[in-house]
Each structure stands twice: as structure tokens, then as C-alpha cells.
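*Asks:* My questions will all concern the structure given below.
The values are calculated or read from the model by the stated rules, or taken from the named source; none is laboratory data. Quick caveat, the model's predicted, so the values are computed rather than measured. All Cβ positions, glycine included, derive from the backbone under ideal geometry; neighbour counts span all protein chains shown.
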Amino acid sequence: MSGLPEDNLTIFRTIPNLLESYVPNNAIFKALRYIFLPAATFFSTLFIVLRYRPKIIHVHSSTAITAGACLFSQLFRTPIVIDVQDLFPERFPLKWVIKTGYSPRYIALGKKVEEMLVSINIPQKNILTLTLARLPIKRKIMEISKRKANYKDLTFLFIGELTEIKGIDILLEAFKIASDRSTNLFLKIIGDGPMREYCEKFIVDNKLNIKLSGRLNHEKTLEEISLSDIIILPSRTESFGRVILEAFEFEKAVIASRVGGIPQLIKDGENGILVKSCDPKELADAMLKISKDSILREKLGKNGKRSLDELPSFEEVSRKILEFYRL
């Protein structure tokens with residue numbers, strides 16, 4: 001995969017965590033990922049380095065994968081850039097893992113992530129702080145957004161891993177509360193994760209109008225955003241939330257937790273609704289409020305679209321990363 005043509009840059013990519021889709025969904029095998037993924041990352045990186053001799057390693061941060069990449073970086077004295085996209089919880093070992101590579105530098109997604117990195121004694125000069133870039137959406141998907149979905153009820157859409165960090169349990173509780181007070185609500189959930197069985201049982205036990213769609217590719221996910229009414233992001237922690245930008249692109253109203261870098265994107269009451277995290281009742285109240293007010297939904301959606309004009313382009317972000325590589 002090539003970079004910008006005039007830079008004569010070549011990027012080699014390995015995605016060892018794709019192999020997770022073949023791992024049985026139980027606690028034992030999920031625990032083994034912290035052994036398997038570092039090893040898979042180490043040896044796939046070794047293959048690339050032996051064959052193509054790249055000058056730098058760039059890893060998208062996650063505990064297991066980053067451990068393998070940083071170990072390789074240190075052993076083979078290859079400089080590493082670590083892309084930190086999340087505000088990782090204190091109980092995770094990531095804060096020491098990301099400091100173990102050779103000549104490490106860091107790309108922080110948003111000011112909150114930058115502050116977190118500085119708090120663990122990473123020098124400011126080794127950090128490049130970026131905001132999300134405006135997303136290039138294919139024309140055919142934008143055309144789909146002009147169609148009306150077949151959903152007869154007002155549709156909320158959640159996209160993300162089925163985990164406590166993403167607040168899926170809070171969302172289910174909130175939807176149950178909202179559904180007890182309104183009968184025309186529908187929730188679609190895109191994603192998978194360790195709490196899938198919990199979600200399935202909760203939905204059946206409470207007879208909720210919810211569909212679990214599992215993982216979808218990016219194009220299909222964008223189509224679902226375009227056909228939904230309201231996008232919901234109930235995370236307990238979040239550096240930014242790319243799905244917010246995708247919702248803005250289709251002029252969709254957004255409800256999100258007031259955590260991490262989300263308030264940098266959403267101004268409460270202007271281009272979205274912010275709620276306290278871990279509060280199902282407040283989230284349910286926001287869902288009901290926005291579901292009953294089509295004028296408010298339209299206003300939030302249009303203002304969200306305008307918010308995208310303040311974001312840099314992918315080309316601008318690419319330039320900053322290339323300059324950071326050369327430091």
C-alpha cells in the first residue's frame with residue numbers, strides 16, 4: 001500500500017488480530033489471546049522486516065499487539081511509532097508496555113489521550129496529537145442515505161464492541177426503561193464481543209425490540225448509519241468516537257456519553273446530546289426526548305454536518321504523520 005505519490009512511501013501492513021475471529025468465544029481461549037497475539041505480531045513483523053527492510057514500525061495500540069511490536073522494536077533496534085487511540089483503564093498494563101519499544105514516539109488521538117500520555121511521563125516532544133479527519137464517503141453510500149429505511153419504528157443504532165467499556169449494558173438498561181414508556185422504538189446493534197451472550201439473554205428476558213446484527217464490514221455499517229434515525233454512543237471511556245463523525249456525515253442525531261474526547265466533538269444541544277456515563281435513566285430520558293422531537297433531530301443532524309467543516313482532511317493528517325516519521 002503506497003503513501004502519497006510524491007513522497008515515494010511504501011507501507012506494509014499486518015493485522016494479526018484478524019485471527020481472533022477463529023478463536024472460540026470462551027474465557028480460556030480469550031485469555032490465551034494475550035500470549036497468541038504478541039507472538040503473532042512479533043513473527044509477522046519479523047517476516048516483513050527480513051523481506052522488505054522497513055525503517056520504522058507503526059502500531060495501532062492495543063495491549064496484546066503492542067506488546068509484540070514493542071518487543072520486536074527493542075530486540076531489532078527499529079524505531080516505533082505507537083498510535084494511541086483510547087484512554088486505557090489503569091488496571092491494564094498498557095501504560096508500561098507502550099514505553100518498552102526502541103526510540104518510541106506516540107500519536108495521540110485527541111487532547112485527552114495526549115494528557116494521559118504526559119501523565120505517565122512521556123515527553124511532550126515525542127507526542128503528535130491529531131484530531132480525526134473528515135471521512136471520505138463513497139458516493140453510492142451517500143445515495144443510499146437519500147432512501148427511506150424499511151424500519152417501521154424509530155431506529156437507534158449502536159456500533160461497537162459488546163463490552164462494558166463501550167457501555168452496552170448501560171444501553172440495554174436504558175432501552176428497557178425507554179421501551180416501557182414508548183412502544184415505537186427499535187434498537188439495532190452492530191458489533192460483537194464478550195458480552196454477546198449477556199445481550200442475547202437480556203433481550204429475550206425483557207422482550208425488547210432489539211436486533212443484534214454482529215460485525216459488518218465498513219461499507220455495510222455506513223449504510224446502516226444512513227438508514228437509521230439516531231446514533232448512540234454510551235461508552236464509559238472514549239478518546240473520540242469515529243462513529244460520531246460518520247453519523248454527522250449523514251446528518252444523523254447523536255446521543256453520547258460526556259466522557260474523554262467526545263465533548264470536543266459534540267456541543268450539548270447544538271450538534272448532539274451529551275449524557276452522564278453509567279446512568280441508564282438519563283440516557284433513557286435523552287432517547288425519549290429525541291425520539292419525540294423530529295425538529296430537534298433534524299437540527300442536531302444539520303449542525304453535526306456543519307461541524308465537519310472544522311476538521312482537517314485526510315491529506316492534511318497524512319502530511320503531519322509523514323513529518324513525524326522523519327523526526
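*Asks:* Looking at Ser226, is it in a helix (DSSP H, G or I) and at negative phi?
*Replies:* yes
*Asks:* Further question on the same structure: Look through Ser294, Ser313, Ser257, Ser277 and report the one residue that is under 19 Å from Leu157 (Cα atoms), of a type in the set (Ser, Thr, Tyr) and exposed (fewer than 15 other Cβ atoms within 10 Å of the Cβ).
*Replies:* Ser294
*Asks:* When you go through Phe42, Phe29 one by one, which is the residue that is outside any strand (DSSP E or B), modelled with pLDDT under 80 and at negative phi?
*Replies:* When all the criteria are applied, what remains is Phe29.
*Asks:* Being within 24 Å of Ile262 (Cα to Cα), touching a Gly at 6+ places or on another chain (Cβ under 8 Å), aliphatic (A, V, I, L, M) and modelled with pLDDT of 85 or more is the filter here, so list the residues in the stretch 75-124 that pass it.
*Replies:* Ile82, Leu109, Val113
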